[in-house]
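Since the structure comes first, as structure tokens, the remarks are kept for the end.
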Amino acid sequence: MNNSITSNIIRFIVLLLVQVIICNNINFLGYINPYVYVIFILLFPVNNNRLLFLILAFNLGLLVDMFLDSGGVHAGASICLAYARPLFLKYAFGTMYDHQNLKFGHTDIGALIMYVSGCVIFHHLIVYYLEIFNISQIILLLKKALFSSIFTVILCLLLILLFKTRK
Amino acid sequence: MQQIFNFVIRNKTLLLFLLLFGIALSLTIQSHSYHKSQFINSANSLTGGVYGTVNSIGQYFDLKEQNLILVEENVILREQLLNSSGRNQSIAIDSSFNDQRFEIISAEVYKNSYNSPNNYLTINRGKRDSIQQDFGVITSKGIIGIIDNTSNKFSTILSILSKKSRINAKLKSSNQNGSLTWNTTSPYFAQLEDVSKFSKVKIGDTIVTGGQSAIFPKGIGIGKIESFTTDSTGDTYTIEVRLFNNMTTLQHVYIIINNNSEELKTLENLNDE
């Protein structure tokens, strides 16, 4: 239990720093940046307190916003993802989630890919919708969301698999 | 009463979600409205400290490029100095008008962004260096933006690469005025709108600041005309401007302090009333 709290605190700080120091300066093809801080929201323990989870996700988003001067864009997207996460968990892992014994360390890779890509696309659509804030530019919005989602999904999967606890 | 409490306890997750999402949404809407400083901004000691540490490492990687920029600027200044020295001697200097109208403070860019609809830069000067909102920021080549938020040690700049920014500019050759905006597509181009159809616009002409506001002095470079189209109404030109500055690699900038700005502002306020 104690171990899980420490690892989540470390993950929060490290992901925030990686996001603002490295990932925001990639600017692949001019505008594509991955938002890897969503890993914190993806990997937060399932059985834990949901209120705490919402508050932590909001604070993480707000800190990213503070570094990027983007108003409340990332806070809004993070809180939506944190609230909607059970839907994605159920969709991707099915019975394992119903039995409340889901550990991200040993799930099969197909389900994990489904889960990560679903969550990331949902998160990025909200980020770019709030950032552009203009429905007439829907094509630009979808283009940006799609390309940076692909980038984020690949990077998130690599990072999750790299730092997986081996049993 | 009991039922209300029960309702709150039963739906506490949903209510917390709605509350936090409401806060995030209001911050977002605030950041999209013109001329309102952001509540959540990167001019504070936490973000400034982190960006400062990163910058102190990162600045070594482009020392060569920055040196070249400095030498280029020195060449221009030297030329101006040599060419003006003969002329100045004949003018009698009246000591009662000797106070400077503009002062310049140098600053270092800690954070730069150019890929969102509203871009901000963070620099390492703040209130204690007497930086205030609405000061203009330039480099040796051209304009960068306007100071937005300030804290004690840091400030944020609203870049010209922003949907919110509108800067008075003119064609250098014919003094026709227009306003500089950005259509969010490329960090190398900005748009000059509302240029009268009667002006002679030529590809390659220089665009400079117009000097109609207290923020920028007259005649600071902005860019060159790349192409131009007639507006949908047919009365004005919209000019595509290739910026002199490479907005993606900024390191050293200058902040312009206009000592007359207070006086100008009070005068303008008097006129409005």
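Nothing in this text is a laboratory measurement; each read-out follows from the coordinates by a stated rule. These numbers were taken from a predicted model, which means no experiment stands behind them. Counting neighbours? That spans all protein chains shown, and the Cβs are built from the backbone with ideal geometry, glycine included.
Report the FRET efficiency, 1/(1 + (r/R0)^6), for residue B:71 and residue B:5, where r is their Cβ-Cβ distance and R0 is 56 Å, rounded to 0.05.
0.20
Give me the net charge for the shell around residue A:121: Cβ to Cβ below 14 angstrom, other residues only, Lys and Arg +1, Asp and Glu -1.
So the environment of residue A:121 carries a net charge of +3.
Counting helices only, and only those DSSP H runs with n ≥ 4, report the 222 nm mean residue ellipticity of chain B as the sum of -39,500 (n - 2.57) divided by its residues, in deg cm²/dmol to the nearest 500.
Mean residue ellipticity, 222 nm, calculated: -10000 deg cm²/dmol.
Taking only complete DSSP H runs, can you tell me which helices of chain A stretch 30 Å or more along their own long axis by Cα positions and average at least 1.6 on the Kyte-Doolittle scale? Numbers along the way, then the final one.
Details: long enough: A:109-132 (34 Å, 1.67); A:138-162 (35 Å, 2.58).
Helix filter hits for chain A: A:109-132, A:138-162.
Peptide A:61-67: average number of partner chain Cβ atoms within 10 Å per residue?
If you average over the peptide's residues, the count of other-chain Cβ atoms is 5.
Going by alpha carbons, how many degrees (0 to 90, nearest 10) lie between the helix axis of B:45-58 and the longest principal axis of chain B?
Tilt of helix B:45-58: around 50 degrees.
For segment A:2-162, with the dipole built from +1 on Lys and Arg beta-carbon atoms and -1 on Asp and Glu ones, taken about the Cα centre, which of A:76, A:17, A:154 lies farthest toward the positive end?
Comparing the listed Cα positions along the dipole, A:154 ranks first.
Which residue, chosen from B:77, B:201, A:136, occupies the Cα position most advanced towards the positive end of the dipole of the protein assembly as shown, where the dipole is computed from +1 (Lys, Arg) and -1 (Asp, Glu) charges on Cβ about the Cα centre?
About the Cα centre, the residue reaching furthest to the positive side is A:136.
Restricting to DSSP H runs of at least four residues, report the calculated mean residue ellipticity at 222 nm for chain A, -39500 (n - 2.57) per run over all residues, nearest 500 deg cm²/dmol.
So the calculated ellipticity at 222 nm is -24000 deg cm²/dmol.
Give me the percent relative contact order of chain A, please, defined on Cα pairs under 8 angstrom at least 6 residues apart.
Relative contact order, chain A: 23 percent.
Using modelled amide H (1.01 Å from N, peptide plane; none on Pro or chain starts), what sits under 5 Å from the amide H of residue B:195, excluding residues fewer than 5 places away?
Under 5 Å from the amide H of residue B:195 lie the amide H atoms of B:237, each far enough along the sequence or on another chain.
For the pair residue B:106/residue A:143, report the inter-label distance in nm, with labels modelled 7 Å from Cα in the Cβ direction.
Between residue B:106 and residue A:143, the simple spin-label model gives 4.0 nm.
Only Cα pairs under 8 Å and at least 6 apart count here; give the relative contact order of chain B as a rounded whole percent.
Worked out over chain B, it gives 17 percent.
For a quick check, take a GNM of chain B with Cα springs below 10 Å and name the residue from B:70, B:243, B:192 with the largest mean-square fluctuation.
Most flexible of the set in this elastic network: B:70.
How long, wide and thick is the protein assembly as shown, going by the Cα atoms along their three principal axes, in whole angstroms, largest first?
92, 49, 48
What is the local net charge at residue B:115, summed over the other residues whose Cβ is closer than 14 Å to its Cβ (Lys, Arg +1; Asp, Glu -1)?
After counting each charged neighbour, the total is +2.
Angle, helix B:261-272 long axis vs. longest principal axis of chain B, Cα atoms, 0 to 90°, nearest 10?
Relative to chain B, helix B:261-272 is tipped by roughly 70 degrees.
State to the nearest 20 debye the size of the charge dipole of the protein assembly as shown about its Cα centre, where the only charges are +1 on K and R beta carbons and -1 on D and E beta carbons.
Dipole about the Cα centre, nearest 20: 1480 debye.
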